[in-house]
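**Q** The structure under discussion is supplied below as structure tokens; questions concerning it will follow.
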Amino acid sequence: SSPVCEGSSINLTSGGGNAYSWSGPNGFNSTVQNPVLSNATLANTGNYTVTVTGANGCTQTSTTPVVVNALPSATSGNSSPVCEGSSVNLTSGGGNSYSWSGPNGFTSLVQNPVLTNVTPVNAGVYTVVVTNGNGCSKSSTTNVSVNAAPVANAGPDVSVSVGGSVQLAASGGSAYSWTPATGLSNTFIPNPVATPSVTTVYTVWVTNSSDCTGSDSVTVFVWQTPVADPALSIPVKIFPNPAHDEIIVEGEGLENGTYYLTMYNGLGQLVIAKTLSVTDGKIMEKIEVLSFSEGVYYLQLDGDKGFFQQKVIKE
């Protein structure tokens with residue numbers, strides 16, 4: 001039944017007589033008519049001779065060649081451990097074709113496939129079947145480890161009066177790094193004191209015990225103390241004012257960028273906070289105020305591109 005691959009079985013067959021005597025490589029001999037050589041090795045390669053004896057005692061010999069092909073030297077590996085969201089490079093060698101299988105239904109015929117944006121469900125044992133030019137196959141396994149990213153939490157958005165301070169409170173890891181540093185008492189602790197002069201978005205990078213990172217952001221809105229005639233540098237208008245149901249904030253000719261729209265009551269308490277992205281030089285924003293109590297409010301629009309503040313009356 002040759003050629004066969006190393007580790008397979010060889011079926012020798014013969015006929016035409018009443019008794020049989022086989023001999024062959026590696027000291028093989030048998031008196032079975034059709035012997036089977038199991039778990040064949042390269043040492044079983046060669047010529048096998050059978051002596052056939054008929055009923056009259058006469059004999060005749062016959063020879064058959066056997067070929068045992070070597071298995072490939074299958075190898076496999078990977079670039080883990082990695083953090084969630086990263087890529088894992090699977091590697092293999094030793095053959096002419098490759099067939100991978102693994103967790104989460106993974107399959108591939110690529111020699112060195114790449115797992116992108118991995119999560120913990122991608123962790124586990126990956127198996128590659130390597131086949132050489134003789135059609136012989138051997139498998140190899142490699143274990144992939146994926147460490148979970150921390151669940152970073154920078155805390156809720158907060159509001160302070162200009163010149164005031166607020167303590168931030170991040171969680172989710174064992175090490176912390178805040179940006180930007182402007183207005184922060186310390187950028188490497190979870191709870192720095194923030195004293196920004198303008199509304200600022202602070203981002204915290206959180207690292208866990210597996211050295212994996214995650215991030216979250218918190219906005220500190222800065223309420224500028226109302227003045228009778230503020231220096232307005234953002235070309236917007238607010239109407240109607242006084243208002244009952246809604247207020248419309250409209251502007252043209254603005255510089256593109258990020259603006260922070262906030263509204264405070266007469267006690268300086270934040271009642272509305274929105275982040276606006278201007279890409280065409282225009283703002284058109286509706287603010288629902290029907291549920292607000294009657295009284296005086298201050299609407300503020302600020303950012304890197306300027307400042308606007310106006311008193312609004314809710315009827």
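The values are calculated or read from the model by the stated rules, or taken from the named source; none is laboratory data. Because the structure is predicted, anything quoted here is derived from the model rather than measured. These area figures cover heavy atoms from the full protein model, side chains too; ligands, DNA and RNA do not enter into them. Shrake-Rupley method; radii C 1.70, N 1.55, O 1.52, S 1.80 Å.
**Q** Probe of 1.4 angstrom, ligands and nucleic acids ignored: what's the accessible area per residue over the range 172-315, in square angstrom?
**A** 50
**Q** Oh, and also: Given a 1.4 angstrom probe, I'd like the percentage of the accessible area of the range 184-261 that is carbon and sulfur, rounded to a whole number.
**A** After summing per-atom areas, the C and S share lands at 50 percent.
**Q** May I ask you to give the solvent-accessible area per residue for the range 46-167, in square angstrom, as obtained with a 1.4 angstrom probe?
**A** That works out to 50 Å² for each residue.
**Q** Residue-wise, which Karplus ³J(HN,Hα) couplings in Hz belong to the range 186-194, taking 6.51 cos²θ - 1.76 cosθ + 1.60, θ = phi - 60°, and x for glycine or proline?
**A** In residue order, the calculated couplings are 7, 9, 10, 10, x, 10, x, 8, 9 Hz.
**Q** Please report the spacing between the Cα centers of the range 192-267 and the range 1-47 in Å, no decimals.
**A** 86
**Q** Evaluate Rg over Rh across the range 5-145, taking Cα atoms for both radii and Kirkwood's formula for Rh.
**A** 1.28
**Q** Also, quick follow-up: If every alpha-carbon in the range 163-315 counts as one equal scatterer, what log10 I(q)/I(0) does Debye give at q = 0.17 1/Å?
**A** -0.99
**Q** Output needed: percent of Cα pairs per 10 Å distance bin for the range 125-222, bins running from 0 to the one holding the longest distance.
**A** All Cα pairs, binned at 10 Å, distribute as 16, 34, 16, 9, 9, 9, 5, 1 percent.
**Q** Please list the three semi-axes, largest first and in whole Å, of the ellipsoid equivalent to the range 41-91, using sqrt of 5 times the eigenvalues of its alpha carbon gyration tensor.
**A** So the three semi-axes of the range 41-91 are 57, 9, 6 Å.
**Q** Continuing with this model, one more query. What are the residues whose amide H is under 5 Å from the amide H of THR199, where those residues sit 5 or more places off or on another chain and H is modelled from the backbone?
**A** VAL222
**Q** Would the chain count as rounded, prolate or oblate if I go by the C-alpha gyration tensor, calling it rounded below 1.5 in a/c and otherwise prolate when a/b exceeds b/c, oblate otherwise?
**A** Because a/c hits 1.5 or more and a/b exceeds b/c, the chain counts as prolate.
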